[in-house]
Amino acid sequence: MNPLDFSDLAVRKQNTEYFVQLVRIAMADDVVNNQELELLCRTGRKLGFTDDETARIIETTGKSDYAAPLGLSERFDQLYGAVKMTLADGAIDKNEMRLASGFAMKSGFTENEIPKLLLLLIDGNKHGKDGKELFESYSKK
């Protein structure tokens with residue numbers, strides 16, 4: 001086995017764990033609506049999954065430990081994706097916020113910064129800002 005194959009496997013595992021978290025957020029209100037499903041499918045493709053793999057992950061999502069990326073920008077980007085998922089159906093309920101907060105905590109953000117960080121991401125998403133713009137704003141604070 002080529003040493004680079006191990007790197008590919010680690011990235012794939014991390015992408016799968018991240019995607020599972022997004023599925024959990026989409027399912028937080030017990031309904032995965034069309035907008036959430038479309039976003040999950042687009043995100044699955046972006047992460048390198050086939051449509052069949054994406055569907056299988058959605059159908060079989062169970063308990064999984066999340067291993068956050070080491071880099072701050074990667075962790076921020078994944079949290080941005082999670083918040084974007086909560087907004088896909090146009091409303092954020094308390095279960096989705098609880099899961100997003102838990103995801104932020106698992107991603108290594110501190111309990112004190114999470115409320116402001118989530119507010120930044122929610123407002124930024126609502127105003128059409130992308131993850132890079134929001135990361136720059138976050139980094140300046």
Legend entry - Subset of segment 75-114 that is surrounded by 13 or more Cβ atoms within 10 Å (Cβ to Cβ) and of a type in the set (K, R) - its residue that is modelled with the lowest pLDDT: K106
Legend entry - Filter pass, A55 being among the aliphatic types (A, V, I, L, M) and buried (at least 17 other Cβ atoms within 10 Å of the Cβ): no
Legend entry - Candidates A55, A82, A68, filtered to the one that is within 20 Å of F135 (Cα to Cα) and either hydroxyl-bearing (S, T, Y) or part of a helix (DSSP H, G or I) (or both): A82
Inset, instruction - Identify, from the list G48, G128, the residue that is modelled with pLDDT of 90 or more and under 16 Å from L22 (Cα atoms). - result: G48
Inset, instruction - Filter segment 102-115 down to residues that are of a type in the set (D, E, K, R) and free of Cβ contacts under 8 Å to residues at least 24 places away in the same chain, then give me how many there are. - result: 2
Inset, instruction - Scan (1) among the hydrophobic types (A, V, I, L, M, F, W, C); (2) buried (at least 16 other Cβ atoms within 10 Å of the Cβ); (3) more than 13 Å from the chain's Cα centre (by Cα) for the single condition L72 breaks and write down its number. - result: (2)
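Considering only segment 23-40, I want to know if a residue exists there that is acidic (D, E), buried (at least 19 other Cβ atoms within 10 Å of the Cβ), in a helix (DSSP H, G or I) and modelled with pLDDT of 90 or more.
yes
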Legend entry - Enumeration of residues in segment 113-141 that are more than 19 Å from A68 (Cα to Cα) and not in a helix (DSSP H, G or I): H127, G128, K129, D130, K141
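Quick one: count up the residues across segment 85-106 that are under 16 Å from D130 (Cβ atoms) and either over 11 Å from the mean Cα position of the chain (by Cα) or not in a helix (DSSP H, G or I) (or both).
2
The values are calculated or read from the model by the stated rules, or taken from the named source; none is laboratory data. Here the structure is a predicted model, which means the values were calculated and not measured. Every residue, glycine among them, receives a Cβ derived from its backbone with ideal geometry; neighbour counts consider all protein chains shown.
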